[in-house]
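Q: This is the structure I have questions about; it appears just below.
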Amino acid sequence: MAEHPIVGAWRLVSFAFTGEAAQVSYPLGESPGGGVIFTADGHMSLDFMAGGRPAFAADDILGGTPEELAAAAGSFVAFGGPYRIEDGAVFIDVKHSLHPNWTGQAHKRLFQVSGDRLSLRTPEPILLQGKRHSGEATFERL
């Protein structure tokens, strides 16, 4: 059986949300970094970050001032866990997430693979800065 086209390592190209009034926003800026990896044995890991994040004053991996920590968390998205594919959607059993509320949840993302491009979309609007938005991340294969 051939490997599913979603399997592989993907570099984030765009991370955008569209609000109810059709306004588009880029919560991590227009040049975000990061990507997603889908393994052939059914695991995934995703991490996105804003471009140009400032460095902490110290190199302590668990350190940082409260302001540095808040800025770092507010400019980063990360989650992962086992996944399965059904009917044009990927279902993720979130086992770890920077956003603690997502840990233990199941997430559904609609996907499309076209050549070396992957699109992941929220099937329903999600809460972003207090308002409901539809999200889409676009990747290119590494």
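Any read-out appearing in this document is the output of simple, stated calculations on the displayed coordinates, not a laboratory observation. All values derive from a computational prediction rather than experimental measurement. Reconstructed Cβ throughout: ideal geometry from the backbone, glycine too, with neighbour counts over all protein chains shown.
Q: What percent does the relative contact order of region 1-104 come to when contacts are Cα pairs within less than 8 Å and at least six residues apart?
A: Relative contact order here is 19 percent.
Q: Then there's this: How large, in Å, is region 1-51 by the Kirkwood hydrodynamic radius built from its alpha-carbon pairs?
A: 12.6
Q: Tabulate in residue order the Karplus-calculated ³J(HN,Hα) for region 106-114, using 6.51 cos²θ - 1.76 cosθ + 1.60 with θ = phi - 60°, rounded to whole Hz; enter x for Gly and Pro.
A: After applying 6.51 cos²θ - 1.76 cosθ + 1.60, I find 9, 10, 10, 10, 6, 9, 8, 10, 9 Hz.
Q: Using only alpha carbon pairs under 8 Å that are at least six residues apart, calculate the relative contact order of region 59-107 and give it in whole percent.
A: For region 59-107, the relative contact order is 27 percent.
Q: Could you give the dipole magnitude of the chain about its Cα centre, charging the beta-carbon of Lys and Arg +1 and that of Asp and Glu -1, in debye to the nearest 20? All intermediate terms of the calculation are to be shown ahead of the outcome.
A: Numbers: 11 positive and 16 negative charges, 60 e Å.
With only Lys, Arg, Asp and Glu charged at Cβ, the dipole is about 280 debye.
Q: May I pose another question? So if I restrict to the alpha-carbon atoms in the chain, what is the Rg, and what is Dmax, the biggest pairwise distance, in Å?
A: 15.7, 51
Q: Could you please report the charge total around Gly74, scoring K, R as +1 and D, E as -1 over all other residues with beta-carbon less than 13 angstrom from its beta-carbon?
A: Here the charged neighbours net out to -1.
Q: I'd like the distance between the alpha-carbon centres of region 30-66 and region 78-142, rounded to an integer number of Å.
A: Cα centroid to Cα centroid, the span is 16 Å.
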